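Accompanying notes for the structure given below.
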Amino acid sequence: MAAKLKKGDKVVVLAGKDKGKEGEISAVMPAKNKAVVEGINIAIRHTRQSQTSQGGRVPQATPIDLSNLALIDAKGKPTRVGFRMDGDKKVRFAKTTGDAI
């Protein structure tokens, strides 16, 4: 199945502790149905000191379920994503405006 959300998409969080926050997708894990969004779902990870890094408490974005994310359309509103054929190419489009993404 084609991916409705891809790396680089601007999204808004629909549910959870970060509800209403916006960010850009930095990684997508289709097998786990999750995505990592910059600045969203931050957790503190403790890292051990090594010769190359100082170590300590490092904030890190953790994966969030794709069902809790919605794409932001050209008008800045959350929208669902659909697919249609544009000539002989399959393109994603915003359900609210009908514009191709």
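The values are calculated or read from the model by the stated rules, or taken from the named source; none is laboratory data. Please read these numbers as outputs of a predicted model, since none were measured by experiment. With ideal geometry, Cβ positions are generated from the backbone for all residues, glycine too; neighbour counts draw on all protein chains shown. Ligands, DNA and RNA are excluded from the accessible area calculation, which covers all protein heavy atoms including side chains. Shrake-Rupley method; radii C 1.70, N 1.55, O 1.52, S 1.80 Å.
The GNM of the chain, with springs linking C-alpha atoms under 10 angstrom apart, assigns the highest mean-square fluctuation among G20, G82, G55 to G55.
Please tell me the relative contact order of the chain in percent, rounded to the nearest whole number, where contacts are Cα pairs under 8 Å and at least six residues apart.
Working: 185 pairs, mean separation 21.5, N = 101.
RCO, the chain: 21 percent.
Would you mind telling me the share, in percent, of accessible area of the chain contributed by carbon and sulfur at probe 1.4 angstrom? Carbon and sulfur atoms account for 50 percent of the accessible area of the chain.
Look at the dipole of the chain built from charges on Cβ: of G8, T97, Q54, the Cα furthest out on the positive end belongs to Q54.
Note: relative contact order over region 54-101, using C-alpha pairs below 8 Å and six or more positions apart, is 22 percent. Surface analysis of the chain yields an accessible area of 70 Å² per residue, using protein heavy atoms and a 1.4 Å probe. When the Gaussian network model of the chain links Cα atoms closer than 10 Å, the mean-square fluctuations of D88, D18, D73 top out at D88.
Put the Cα centre of region 11-26 next to the Cα centre of region 44-101 and the gap is 9 Å.
Top mean-square fluctuation among K34, K90, K19, Gaussian network model of the chain, C-alpha springs under 10 Å? In the Gaussian network model the winner is K90.
Sequence-ordered 3J(HN,Hα) estimates for region 41-56 from the Karplus curve with 6.51, -1.76 and 1.60 and θ = phi - 60° stand at 6, 7, 10, 8, 10, 8, 10, 7, 5, 9, 5, 9, 10, 5, x, x Hz, glycine and proline given as x. Only lysine pairs 8 or more places apart, or on different chains, with alpha-carbon atoms under 14 angstrom apart are counted in the chain, and they number 11.
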